[in-house]
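Worksheet: the structure to be examined is printed underneath.
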Amino acid sequence: MIARFDYHVPASLDEACALKKEYGNTGIVVAGGSDVYAKMHLGDHLYDHVIDIKKIEDMQGIRWSETEGLSLGAAVTHHEIERHPVIKERYDVLVQGVRTIGSLQVRNRGTIGGNICTAAPSADGIGPLLVLDASCVIHGLGGERTVPLKDFFTGPKQTVLADDEVLVRVTVPTPAPSYGGAYFKYGRRNAMEIALLGISVYLEVADDGKTCSAMRIALGTSAPIPIRAQKTEAYYIGKDLSDRQVVEAASSIILEDASPRNSWRADGEFRRSLLKLLVPRTVRTAYGALTRE
Amino acid sequence: MSEYTVIGKPALRKDSHDKVTGSAQFCADITLTGMLHGAVLRSKVPHGIIKSIDVSAAKEAEGVRAVVTGEEVPYRLGRSIMDQTFLAIDKVRHEGEPIALVAADTLEQAYAAVRMIKVDIEPLPAVNDVLEAMKPESALVHDRLEDYWHVDTIRPVNGTNIYDHFTLRKGDVDKAFAEADVIVENEYDCAILHHAAIENHLAIAKVDGSGKITVWSPAQSPYYIRGELSRALKVPENKIRVIVPPIGGGFGGKLEARAEQLAIALAMKTHGRPVKVAFSREEDFLAGTVRAGVHFKMRTAARKDGKILAVESTNWWDSGAYSTISPTVTLKANVILAGPYEVDNVKMDGYCVATNKQLGTAQRGFGVAEASYAHEQQMDAVAKALGMDPYELRMKNVMVDGCKGHTGEKMFAVGIKECLKEAAEGLGWEGHPTSWITEDGKIRGRGLGTFMKFTGTPSYTSATIKLNFDGSAVVSYSTTELGQGVGIVIPQIVAEELGIPLELISTVQVDTDHTPLDKTTTSSRATYHLGNATIKAAEDARRQICQWVAFKWKTPVERIEFKKGGIIVQLDEQGKPTGKQARMDELAKNGLIKNGEPILGYGSYETTNIWHKPDPETYQTERLTAMWFFGANAAEVEIDPDTAKIRVVKVVAAHDIGKTLNPLGCLQQVEGGVIMGIGNTLLEEFIHRDGYLMNGNMVDFKIPTSMDSDVEIEMRLIESSPHPEGPYGAKGIGEPAMCATQSAVASAVAHALGVPVVHVPIKGEHILAACRKRLEEANDR
Ligand SMILES: Cc1cc2nc3c(=O)[nH]c(=O)nc-3n(C[C@H](O)[C@H](O)[C@H](O)COP(=O)(O)OP(=O)(O)OC[C@H]3O[C@@H](n4cnc5c(N)ncnc54)[C@H](O)[C@@H]3O)c2cc1C
């Protein structure tokens, strides 16, 4: 059962930031609450103050234009994302990712901002945004700043957000007209599952239709924070992605990028074997999904 | 045309509407006047000595009305061994064991007060593993097991962790092994599982001025709980009343008292105010009940032609901190551990073992699904060793009517052969490979699983049928509705026997002060036992009806005939119909029984007379049980060789049902059973580290979601072996529905990969290497 707390509903960003700063460790920002309340529900007295930001205007809505790209309000739910026509068409890898989160009920509650700020290595929304080169728009009492998502995570479940800062929006540039994207989640169940491995791939090819000209790979649950697999990415540049053996050869490099743990949830050795098999496979899937004009 | 009007026809459960619309009032929905809320202080360590408990702050806390510690309620519980107290007294034996209780005006206050209790526990090494627990140097969960009161059919051993050592001896196993052409030997493991019913354990208790205790609880077997509480509290049974609201699932987990004794302990101190104690999901994982884990050592001897000569096993059941009914699980699994096959030489040693883990108890099948997995893996291994088709090997050995069972009894109504044939046929077994690679590079496999299982005997139950003057009827009994469908099958029987329309028959909330005696709702026994009792109650009602009608029609009762379909006919002296008749389904119109002598039919059924006590050493007997169940599943699986993830594509489930009373009910049982079986085989397990449960929540303990249940299920009901003593020939389906799924799926995986499955659940870790190897072999070819 949840211990008692005071509930605050700030109307503006500044108000939210002030409350966050005021209450420090005794308070918690909440959006959908699917992480926060789940934790509080276990009964320990964690916070005296809950600061509910999900109604703040600046954090709402999905905006898109060809030139500006995509802008997601931090309070946008996973379900809003997965059914958005433009995101479905242009940012399919993001839909693939958020679609695997929990269940429909969880996706109706959980927000993209909450997913990012929880900073779990297993978050299914983060990997796709990493490979789409997303950035975080952050608001603090001193004003606004923008941080690339890949620099947002500073340690296990830790972010660059200062005491007085909240995430306002996530911006995603317009991807190349022709690219391939794929998300692969390994879990034991097909729903209500924390990823034991999450692989996101974004790739572009040269005019010949097969030589890799851009490659971005993000790995979930493979390190203490969500990471980009930079050595593996570098390997692929200039390679012929239509050659299965060439694609699969990356399996010898992938463990230079990733360091999955041994835990009671899954054996480390098993996770490493899966990475070696599944990263090339996800690259193949992304290559197969290339949008050709 | 069928000889029956209602029996054998699909009928919708009477509780469907309430449950689908949410109007059913479960125990959690009940609030009584003046009701207090209880909370439980639980052990954070799996094993330890309680040095001190300080409840002084909790007693003074706001809203608190009662605080209870173990010494105040030293009552003992335990169906097999009375090894459990209401609350831990000197020692805690598992993580989550209750230590102290608080009742307060609000739940918040109760929780807050529980947090103020200080306990000092000196940790002891945890007994974490059954095989370790068996070693002489192991720490002991209970110091002197023999000193507790225990039933005389089990054998606890002092100075060990053995709750019971079950033995079965038939024929001469050593000789058979010496003469065998092949011997296969393997070890198998099944993890601990949780029942994970949608409703957690909970209870409300009230003790009134006369000392009468009333308990509201979703007890599977209210009379069993009443008996336990009466023995524990030394209170006569009429002073304990158990009322059962609709139950949110049990699967065996609601057999044991879990929240009842805690609510009572508090209610004894609240001066008549009722107290509700409701487990959270986390508490349910830690302190509800589980299906015991088990480790099997199996040896099977066969002749070149495929004849199974002998089966031998030693097995250890991880029954946890208190024994509950787990010796019965060990027994029931060992009796059938040679499978539904004719085997002349059988030797079984089953150990029911104490560890510092959750309480092992019955789960849908009493150990049969686990045993079936072990014996079916053995059958596949024998088939492989002999180069025989796994189906042929099984067909060659299956039991038939008149054969001698593992307990030495003469078997009858044995439908396993037809089941196996139908299951295999449903999958298109003949001429099809058992392992192949699909075009998109997936590994497919097919497998078979069979089982046999018996219902607990001796047993008893009873029913009454109250006929209303308008022709509607109320049938009452104390078998509970757990989702198995008793609440529709019994009205169907009443409708069939009395000719009353099904929609005019209602059932009664089970309440030990009002509804008639019943042993338990377990063991797939309700249709058979309660069905027979209901037929007798209907007979009794018919006799009373005829008597009344005779009086009304001024006719000697011998000349009143109650015909099938509920037509009451007047006969003349020659025994021919006079033309005067009345219909049971028109009682409202014809007023035949209106203001007459009230009609209350009573019927009971019990099976002591057919039961012969087995020899304690050999477990041989003339007749062990009222009823044997048989069945077979055939399964096809697909494995992704890159992830080692297994998808069950199709299961054909064939069951020796005897006679189908409600095909819709059977389908619901089979679908649920197959999916539950798949969950058991592929997903569910308790993960412990040093006695601590790592995954006691619904995210980390993985029961199949609807997204994991995309399997084609084909049910085949076999009616070729009706039970001569069953109602209309019926047996049971509740537990059988899942007994052969684990074995069939494991068999399919073993075939797909060409290696035995030695651990359930089957996880990626266990089989990824085998998947890669299987793929390489295929590529080499
Ligand atoms: C049953 C269940 C299943 C789940 N399954 C998955 C899954 O499959 N995959 C997955 O990735 N996640 C899963 N989750 C986790 C969770 O649903 C997601 O991470 C979700 O996106 C969190 O969003 P929220 O709005 O509910 O976050 P909240 O719980 O409201 O907040 C989460 C964290 O983010 C902080 N926060 C939120 N918004 C802001 C902001 N704008 N600025 C600063 N800080 C902020 C909060 O302070 C908190 O620390 C699951 C959760 C549950 C309960």
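The values are calculated or read from the model by the stated rules, or taken from the named source; none is laboratory data. Because the structure is predicted, anything quoted here is derived from the model rather than measured. Here the Cβ positions follow ideal geometry from the backbone for every residue, glycine too, while neighbour counts run over all protein chains shown. SASA here: full protein model, heavy atoms, side chains in, ligands and nucleic acids out. Shrake-Rupley method; radii C 1.70, N 1.55, O 1.52, S 1.80 Å.
So, in region B:488-520, exactly how many residues are open to solvent by 10 Å² or more (accessible area, probe 1.4 Å) and closer than 23 Å to B:Glu671 by Cα?
Selection size over region B:488-520: 1.
Where residues in region A:150-208 are without any contact (Cβ under 8 Å) to a residue 60 or more places away in the chain, within 14 Å of another protein chain (Cβ to nearest Cβ) and charged (D, E, K, R), which of them is most open to solvent (accessible area, probe 1.4 Å)?
Among them, the one singled out is A:Arg188.
Listed here are the residues, each with its yes/no results for (1) at pLDDT below 95; (2) touching a Pro at 6+ places or on another chain (Cβ under 8 Å).
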{"residue": "A:Lys157", "(1), (2)": "yes, no"}
{"residue": "A:Ala162", "(1), (2)": "no, no"}
{"residue": "A:Leu167", "(1), (2)": "no, no"}
{"residue": "A:Val172", "(1), (2)": "no, no"}
{"residue": "A:Ala182", "(1), (2)": "no, no"}
{"residue": "A:Met192", "(1), (2)": "no, no"}
{"residue": "A:Ser200", "(1), (2)": "no, yes"}
{"residue": "A:Arg216", "(1), (2)": "no, no"}
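Select from region A:77-101 the residues that are within 14 Å of chain B (Cβ to nearest Cβ) and either buried (at least 20 other Cβ atoms within 10 Å of the Cβ) or hydroxyl-bearing (Ser, Thr, Tyr) (or both) and write down the one among them that is farthest from the ligand (Cβ to nearest atom).
Once the filter is applied, the top-ranked residue is A:Thr100.
Given the criteria out of contact with any Gly (no Cβ under 9 Å at 6 or more places or on another chain) and open to solvent by less than 20 Å² (accessible area, probe 1.4 Å), does A:Gly32 qualify?
No: the conditions fail for A:Gly32.
Hey, can you tell me all the residues within region B:628-664 that are surrounded by fewer than 24 Cβ atoms within 10 Å (Cβ to Cβ), within 14 Å of chain A (Cβ to nearest Cβ) and in a loop (DSSP other than H, G, I, E, B)?
Once the filter is applied, which keeps residues that are surrounded by fewer than 24 Cβ atoms within 10 Å (Cβ to Cβ), within 14 Å of chain A (Cβ to nearest Cβ) and in a loop (DSSP other than H, G, I, E, B), region B:628-664 yields B:Pro641, B:Asp642, B:Thr643.
Looking only at region B:688-709, how many residues end up being under 23 Å from the mean Cα position of the chain (by Cα) and either away from the ligand (no atom under 16 Å from the Cβ) or closer than 19 Å to B:Gly449 by Cβ (or both)?
2
Evaluate the following for A:Gly69: is it open to solvent by 10 Å² or more (accessible area, probe 1.4 Å), assigned by TED's automatic domain parsing to the domain that holds A:Asp163 and in contact (Cβ under 8 Å) with a residue 60 or more places away in the chain?
no
Out of B:Asp147, B:Asp172, B:Asp152, I need the residue that is over 30 Å from the mean Cα position of the chain (by Cα), surrounded by fewer than 17 Cβ atoms within 10 Å (Cβ to Cβ) and more than 14 Å from chain A (Cβ to nearest Cβ). Which one?
B:Asp172
Here's a check for you: in region A:258-293, which residue that is without any contact (Cβ under 8 Å) to a residue 40 or more places away in the chain and away from chain B (no Cβ under 13 Å) is least open to solvent (accessible area, probe 1.4 Å)?
The residue in question is A:Ala258.
Could you check, for region B:16-34, whether at least one of its residues is surrounded by fewer than 21 Cβ atoms within 10 Å (Cβ to Cβ), β-branched (Val, Ile, Thr) and part of a helix (DSSP H, G or I)?
The answer is yes; a qualifying residue exists.
Does B:Val346 fit the bill of being more than 18 Å from the chain's Cα centre (by Cα) and outside any loop (DSSP other than H, G, I, E, B)?
Considered against the rule, which asks whether it is more than 18 Å from the chain's Cα centre (by Cα) and outside any loop (DSSP other than H, G, I, E, B), B:Val346 comes out as yes.
What strands (runs of 3 or more DSSP E) lie completely within region B:87-184 and have 2 or more residues being assigned by TED's automatic domain parsing to the domain that holds B:Gly272?
Counting at least 2 such residues, we get B:98-104, B:118-123.
State all residues of region A:113-151 that are away from the ligand (no atom under 11 Å from the Cβ), in a loop (DSSP other than H, G, I, E, B) and under 14 Å from the mean Cα position of the chain (by Cα); if no residue qualifies, say none.
Across region A:113-151, the qualifying residues are A:Leu132, A:Asp133, A:Ala134.
Cβ contacts < 9 Å: first residue assigned to a loop (DSSP other than H, G, I, E, B), restricted to region A:35-55; second residue open to solvent by 70 Å² or more (accessible area, probe 1.4 Å) and within 9 Å of the ligand (Cβ to nearest atom), any location; separation 6+ or different chain. Result?
So the pair list comes out as A:Leu46/A:Lys39.
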